[in-house]
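The values are calculated or read from the model by the stated rules, or taken from the named source; none is laboratory data. Quick caveat: nothing in here was measured; it's all calculated off a predicted structure. A quick note on method: Cβ atoms are made from the backbone with ideal geometry, for glycine too, and the neighbour counts reach across all protein chains shown.
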Amino acid sequence: MEYKTESLTKYLDDLSARLAAPGGGSAAAMNAAMAASLVSMVVNFTLGKPEYSKYEVELKVLLRKSNKLKNDFLDLVDLDVAAYKSKDPRKAADVPLMLARLCAEGAKMLLPLIKKTNLNLISDLAVAAIFLESAFSAACFNVDINLKMLNDHKLTKAINKELRLKAKLIKQIRAQVEEKVGKIIRG
């Protein structure tokens, strides 16, 4: 089954059922897809507005990137289910690792958008930052549990180092986005 083509209700019914999959990894990917969708929405509402016309080229690039990320995240919703069902811990670790990497890439889009998008939707960028950080954190837990089953200390060390650096980055971005958006909203 491909959840990306099913209704949200079907996905949530299966997620809440007594089924082995979908589970937390798939849910994290869905959360990330919602974050990318929010970014696309903000950009779509900004494009064509005269006061943001000087950013039009950059906004169109970011829109393509956020739409691609949304589709990549949706693919990971289904890939996570397949990896879990495969019973292969390496595959089960690779999918959340891809998710974590993509979440970090998605987070990098947020700060440049704050001053270049419709201020009436600026809170949605903060929501996207929170969703991306939570999806990243969830992905890290899924990487950890599957790496533990692999019992490959060299691989585990290398991946953990990469994820620690990305965690620092994504936490910094989320904090900066929240601070900047908060100042715009609250004055």
Residue among ILE185, ILE170, ILE159, ILE122 that is under 30 Å from GLY48 (Cβ atoms), of a type outside the set (Ser, Thr, Tyr) and surrounded by 15 or more Cβ atoms within 10 Å (Cβ to Cβ): ILE122
In segment 127-156, residue surrounded by the most Cβ atoms within 10 Å (Cβ to Cβ) [restricted to those that are without any contact (Cβ under 8 Å) to a residue 12 or more places away in the chain and among the aliphatic types (A, V, I, L, M)]: ILE145
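One line per residue, one yes/no per condition, for (1) assigned to a helix (DSSP H, G or I); (2) in contact with a helix residue (DSSP H, G or I) (Cβ under 8 Å, 6 or more places away or on another chain); (3) among the hydrophobic types (A, V, I, L, M, F, W, C); (4) surrounded by 19 or more Cβ atoms within 10 Å (Cβ to Cβ):
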| site | (1), (2), (3), (4) |
| --- | --- |
| ARG18 | no, no, no, no |
| PRO22 | no, yes, no, yes |
| ALA28 | yes, yes, yes, yes |
| ALA35 | yes, yes, yes, yes |
| ASN44 | yes, yes, no, no |
| LEU59 | yes, yes, yes, yes |
| ASN67 | yes, yes, no, no |
| VAL77 | yes, yes, yes, yes |
| LYS85 | yes, no, no, no |
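Listed here are the residues, each with its yes/no results for (1) modelled with pLDDT of 95 or more; (2) in a helix (DSSP H, G or I); (3) over 20 Å from the mean Cα position of the chain (by Cα); (4) not aliphatic (A, V, I, L, M).
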site	(1), (2), (3), (4)
ALA100	yes, yes, no, no
GLU105	yes, yes, no, yes
SER134	yes, yes, no, yes
SER137	yes, yes, no, yes
ILE145	no, yes, no, no
ARG164	yes, yes, no, yes
GLN176	yes, yes, no, yes
ILE185	no, yes, yes, no
